[in-house]
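**Student:** Before I ask anything, let me first share the structure, which is written out below as C-alpha cells.
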Amino acid sequence: RILGGIVGLLTIASLVAVWKRYAGFPRKAMVWIFIFLILEALLGMRVVITEAPLLRDLLHYIYTTSHLILSVMILSGLTFVFYSVLDRREDKPLMPFGEAFYLLVMFQILVGILVRYVKAADFNLFSYLLHITIAMGLIIFSLYIMLKRFDRYSFVTFLLVSAQVIAGVATVLTKLFLPVLFFHIAIGFLLVIWVSYLIAPEILKGKEITLLEPEARGEGASAW
C-alpha cells in the first residue's frame, strides 16, 4: 500500500510537470494514465476486501486481473510519455518485429496472471502449459531477433526474457516462495518497460508533441 501510494504521488507529480511543459500527446496520455490510476486504486481496494491470495470465483478473478492489467497499461503508458519528452535526435531504439514482440509479452502477462491466481503448481494444466509454451516462444523469438540484428537493444531483450523464464521456473519449483515470486514479477515489469520503450518510436509516429514556451506555460496554453 505504501508503494502504491508513492507511485500514485509520483504519477500525479508527473501529470502536473507534463501539463505545464508540454502540449499534445504527453498531456493527453498523462490524463488517461491518471484516470487508469484511479480505476486501479478502486479495484485494488476491492481486491483487498475480497482477499487476493487465490481465485475463489469468476468475479474475484475479474477484479484481480483488471487490477494487474491496469498496472501494466499504466507502466507502458508512462514509458511512452517518458520517451515522447526525451531528446531523441542522437539515438532511436529499433528492434525487428517490435510490435509483435510487445503484444506477445502482454499476452504472456495475461496468461501469467491466470496461472498465478489459480495456483499454477497443481491446478489448471492448460493455462500452466500455455504459459510455459509462450515463455519458450519468447526465448526463441528474442534469440531470433538478436541473431537477425545484434545490438544492445536485442541483447538486453534476450537477457530480460531469459531471466524472466528462469525466475518463473524457480517460482514453480519453490512453490510460489514469495521472494522468488516478487523477483519474477519485478523482471516482468522491467520487460514491459523495456519493450514499451523499444516500440515507442512507432507508437509516437504522427503524434503532436509540443514543448511550450515559458510564456505559454504561464498562460495555460491549449493542450488539446
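Values in this text are rule-based calculations from the coordinates and carry no lab data. From a predicted model like this one, the values you see are computed outputs, not experimental measurements. With ideal geometry, Cβ positions are generated from the backbone for all residues, glycine too; neighbour counts draw on all protein chains shown.
**Student:** What lysines could a cross-link reach from Lys175, if we take a straight Cα to Cα line under 27 Å and drop same-chain neighbours fewer than 8 places away?
**Tutor:** Lys119
**Student:** What ranking do Thr11, Thr157 get, fewest neighbouring Cβ atoms within 10 angstrom at the top?
**Tutor:** Fewest-to-most Cβ neighbours within 10 Å comes out as Thr11, Thr157.
**Student:** Neighbouring Cβ atoms within 10 Å as the yardstick, rank Lys92, Lys207 fewest first.
**Tutor:** The most exposed by this proxy come first: Lys92, Lys207.
**Student:** What does the charge count near Ile35 come to, summing +1 for each Lys or Arg and -1 for each Asp or Glu among other residues with Cβ under 14 Å from its Cβ?
**Tutor:** That sum, taken over residues with Cβ under 14 Å, equals +1.
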